[in-house]
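To start, the structure itself, in structure tokens.
The values are calculated or read from the model by the stated rules, or taken from the named source; none is laboratory data. For clarity, every value in this text was computed on a predicted model and none was experimentally measured. Counting neighbours? That spans all protein chains shown, and the Cβs are built from the backbone with ideal geometry, glycine included.
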Number of protein chains: 2
Amino acid sequence: MEPIRPDLVPNPAVRRLSFYLRQMESFQRKGLATVSSKQLGDSLGFTDAQVRKDMSYFGQFGHPGVGYPVEEMITQLRHILGTDKTWNVLLVGAGNLGRAMLAYRGFDVRGFRIVAVFDADRNKIGKKMASLMIQPLTALEKTIAAQSIRLAILAVPAEHAEEVANRLVEAGIRGILNFAPVTLTLPPKVAVNSVDVAVQLEQLSFHVNFPALEPSGQS
Amino acid sequence: MEPIRPDLVPNPAVRRLSFYLRQMESFQRKGLATVSSKQLGDSLGFTDAQVRKDMSYFGQFGHPGVGYPVEEMITQLRHILGTDKTWNVLLVGAGNLGRAMLAYRGFDVRGFRIVAVFDADRNKIGKKMASLMIQPLTALEKTIAAQSIRLAILAVPAEHAEEVANRLVEAGIRGILNFAPVTLTLPPKVAVNSVDVAVQLEQLSFHVNFPALEPSGQS
């Protein structure tokens, strides 16, 4: 197999990698050793040509007529996505959304662990949320350094999101999952993923408006 | 202008429409009357060819050297996305995430209004969350019919998501925004948008793993 060149993988393909990984894990649970690009594509609503192209970023994977080796693909996908190790994640915002994130059971299995919670509200600082003490934003630098944190979940009101995001970046955070319905302007070295729940609903209203269309599926 | 053919718009393009709309609104706030495909593309990290192709689904929009008319585009994008009207939305799950959704300030401006809350927990039923009385799932059909609800937000534990989703569909829901980290198997007439927060973090860990790459931007 050729060496992996993750720097050649375009962003939309990175998103598909997450879906390939989940699907490969599903195939593994079903006891499959290899799957074809058509099987993988069909299961996710992608063409097999798309699958083959995405897989080609990893070098020579699978063989015509044999298919992709499920276990090896899982190992490689986890490695390239970075989830073959554990990531310490910090959370800013000890409100309802923050509380929901802390209770979210989908993180652990992916190697994400929320290890610190911050809030600007003096009434919340010092109190506990789950097993974590809510810290003031002034403790960001110290905590980030002490726990080698690179990822943050931003669950603060829209009007504070930009300011807090900038503090996070200054303190060493390199990836931000943003729930505030605002566009963050941050240095290019920082990766931002914004979950705009209204955009998600808008995609649904489009499909409900035009029910003759193919449904959007699970993406 | 040719008639709009929304049935020709592929799914990834529908997602981009939401981003175009937000960017056009931003241009409008800045007082711009027209923008070029390059301006629009640059602002969102898409190529101008991509923008022109997406816009072509709407028929003849804009002219070479003149650009796209901002106000008209906003009207059209809202129309095709269905957000030129108000959508009644129901919420299942009166936990922390549900509470956060009910408080989310990004919905109103997009025409989404959570008008009913449901939960399976007897201890929650009958109590109030914000101004809404938490209803039992047995009231789904009646409430959906009475309030003409087609969209639902599913904020329930993973192990209940599939069952509740099926009840929603039977009761008339046609679009589901799912927060549970499970893949829902539903009839093709139903549009599903799953927000898997672990997938979102995984995209960030990829970029933090390989900082030489272009950042993912706001998508």
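Restricting to region B:104-119, what's the tally of residues that are crowded, with 18+ Cβ neighbours inside 10 Å and either closer than 30 Å to B:Leu17 by Cα or at pLDDT below 95 (or both)?
Residues that pass the stated criteria total 8.
Filtered by the rule that a residue be in contact (Cβ under 8 Å) with a residue 12 or more places away in the chain and under 24 Å from the mean Cα position of the chain (by Cα), region A:115-133 gives A:Val115, A:Ala116, A:Val117, A:Phe118, A:Asp119, A:Met129, A:Ala130, A:Leu132.
The C-beta contact set for region A:68-83 (first residue in a helix (DSSP H, G or I), second residue charged (D, E, K, R), distance under 6 angstrom, 6+ apart or interchain) comprises A:Arg78/A:Asp84; A:Leu81/B:Glu202. Scanning region B:107-124 finds no residues that are basic (Lys, Arg) and in contact with a Gly (Cβ under 7 Å, 6 or more places away or on another chain). The strands (runs of 3 or more DSSP E) found wholly in region A:143-206 and carrying at least 2 residues that are crowded, with 23+ Cβ neighbours inside 10 Å and in contact (Cβ under 8 Å) with a residue 24 or more places away in the chain occupy A:151-154, A:175-178.
Hey, can you tell me all the residues within region B:87-100 that are facing another protein chain (nearest Cβ under 8 Å), in contact with a Leu (Cβ under 6 Å, 6 or more places away or on another chain) and either among the small types (Gly, Ala, Ser) or assigned to a helix (DSSP H, G or I) (or both)? B:Ala100 - this is the single residue of region B:87-100 that is facing another protein chain (nearest Cβ under 8 Å), in contact with a Leu (Cβ under 6 Å, 6 or more places away or on another chain) and either among the small types (Gly, Ala, Ser) or assigned to a helix (DSSP H, G or I) (or both).
Taking the conditions (1) out of contact with any Leu (no Cβ under 8 Å at 6 or more places or on another chain); (2) more than 8 Å from chain A (Cβ to nearest Cβ) in turn, B:Ala103 satisfies each one other than (2). Here A:Phe27 passes the criteria (1) outside the structural domain of A:Leu151 (by TED's automatic domain parsing); (2) crowded, with 17+ Cβ neighbours inside 10 Å; (3) part of a loop (DSSP other than H, G, I, E, B) except the one numbered (3). Tallying residues that are part of a helix (DSSP H, G or I) and under 13 Å from the mean Cα position of the chain (by Cα) within region B:102-111 yields 3.
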